[in-house]
Every structure is written in structure tokens, then in C-alpha cells.
1. In degrees between 0 and 90, to the nearest 10, how far off the longest principal axis of the chain does helix 172-181 point, with axes built from Cα atoms?
2. Using 20 Å as the cut-off for backbone N distance, which residues of the stretch 128-153 belong to the label zone defined by a point 7 Å from the Cα of residue 162 along Cα→Cβ?
3. Determine the shape class of the stretch 116-157: with a ≥ b ≥ c the square roots of the Cα gyration tensor eigenvalues, call it rounded for a/c under 1.5, and otherwise prolate if a/b is greater than b/c, oblate otherwise.
4. Given the options 121, 56, 130, which has the most mean-square fluctuation in a GNM of the chain, springs set between C-alpha atoms less than 10 angstrom apart?
5. Could you list log10 I(q)/I(0) for the stretch 97-190 at q = 0.14, 0.21, 0.22 Å⁻¹, which the Debye formula gives when each Cα is one point scatterer?
6. Given the convex hull of the Cα atoms of the stretch 1-119, what is a quarter of its surface area in nm²?
7. Can you tell me the orientation of helix 12-44 relative to the chain, as the angle in degrees between its alpha-carbon axis and the longest Cα principal axis, to the nearest 10?
8. From the square roots a ≥ b ≥ c of the eigenvalues of the alpha-carbon gyration tensor of the stretch 53-128, which class results: rounded (a/c under 1.5), prolate (a/b over b/c), or oblate?
Amino acid sequence: MSTAALPGEPDSHAIAIAAERRWAWVVIAIMALLVVMMIFTGLHWSAMPPSRVETVDVKTLHLKGEFVESNLGTSVGADGKVTVRLIAQQYSFQPQCIVVPAGVPVTFRGTSTDTIHGFVVGTTNANTMVIPGFVATFTTTFPKSGEHLMPCHEYCGTGHEAMWARVQVLPRDEFVALARRSPRISCVAR
Ligand SMILES: [Cu+2]
């Protein structure tokens with residue numbers, strides 16, 4: 001059977017090739033759009049890719065080292081740097097409420113005791129996965145004071161949807177006054 005067109009009939013083979021080519025361009029355009037969207041959102045939301053690998057021993061997490069309960073929460077170092085240490089576990093964050101100053105860089109350091117969790121702070125760019133055995137860390141600045149919800153955003157089990165904490169962003173002066181009073185800063189009633 002020949003695919004050549006009879007006189008007066010359209011060339012079906014040529015039409016098929018043209019349709020294929022058109023569809024190929026549509027697919028290329030969709031892929032290009034997706035890449036542009038990834039680049040735009042990554043830059044626009046200041047997404048922070050993981051910078052390096054830092055490990056921690058899950059088995060001794062609660063016994064010694066940085067992530068013992070008494071060391072969790074917000075602290076101000078001798079150099080004035082603000083660090084938040086937290087633990088994610090089925091199905092809560094420790095601490096449940098985190099205090100940070102507005103307009104000052106804050107470094108988060110977190111890890112998990114059991115399974116993969118994650119968190120995002122409100123609509124800010126503070127967003128990371130929290131994986132057992134690894135320390136997730138990033139530095140961000142909260143531009144204005146207010147309160148954010150901080151839900152777990154990696155499905156971690158049946159209690160996942162109830163797993164969240166709060167982040168209280170205090171005006172800088174208020175935060176400094178609290179930090180002077182106590183080395184561990186906890187949420188204030190508002
Ligand atoms: Cu979780």
C-alpha cells in the first residue's frame with residue numbers, strides 16, 4: 001500500500017509529520033516554561049538549597065550534644081548571633097513556640113528523632129526538610145514582627161496534620177530585653 005496521495009487528495013503523511021512537529025514545539029514550549037518558572041520562583045522566594053551535609057547521631061540526640069532538651073529554642077551567642085535549635089518528632093516540634101527578632105539574621109538548626117519531617121514558617125522563605133541523622137540549617141531574616149504558623153510539610157504519619165509549631169517574631173528591642181533576662185528565650189503572651 002502506498003502512502004502517496006492520489007491526485008486531488010491531501011498528503012496524509014505530510015499532514016502527520018506537520019502535526020508531530022507542531023506537537024514537539026508545544027512540548028518544548030511547556031518544558032521551557034517550567035524551567036523558567038523554577039528559576040523565577042527559586043530566585044523570587046529566595047529558596048535556599050541545602051548547602052552541605054552535617055550529620056548527628058540520632059541514638060544519643062536526647063542524651064548529649066547540641067540537641068539535648070535544655071539546649072533547644074532560641075539563644076544569642078557571645079558574638080550576638082541568634083540561633084534557633086529545634087527537634088521534629090512524630091508529631092510535634094520541640095519547642096512548640098519559637099521566638100526570633102525582626103530584622104536580624106537568624107540561623108535555624110534542626111534535626112529529627114524518628115522519620116522525615118519538614119517545616120515552613122508562614123509565608124517566609126524559612127523552609128527545610130528535617131531528616132533523622134542530619135542537621136538541617138539555614139539563615140534567614142524576618143523583616144517584620146508578627147506571628148507565623150510553622151506546620152510540618154513532609155507527610156510523617158497519621159498525626160502529620162496536627163504537627164505544627166508557632167514562630168513569634170518580636171521587635172528587635174523587645175527580643176534583646178528578653179535575651180538579657182534569660183539565655184533561653186521563650187514565647188511571650190501577646
Ligand atoms: Cu512531621
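Readers should treat all values here as calculations from the given coordinates under stated rules, not as data from a laboratory. Only a predicted model underlies this, so the values are computations on that prediction, with no experimental measurement involved. Positions of Cβ are backbone-derived with ideal geometry, glycine not excepted, and every protein chain shown enters the neighbour counts.
1. The angle comes out at about 40 degrees.
2. 149-153
3. oblate
4. Of 121, 56, 130, the Gaussian network model singles out 56 as fluctuating most.
5. -0.53, -1.07, -1.14
6. That works out to 15.2 nm², a quarter of the Cα hull's surface.
7. 10 degrees
8. oblate
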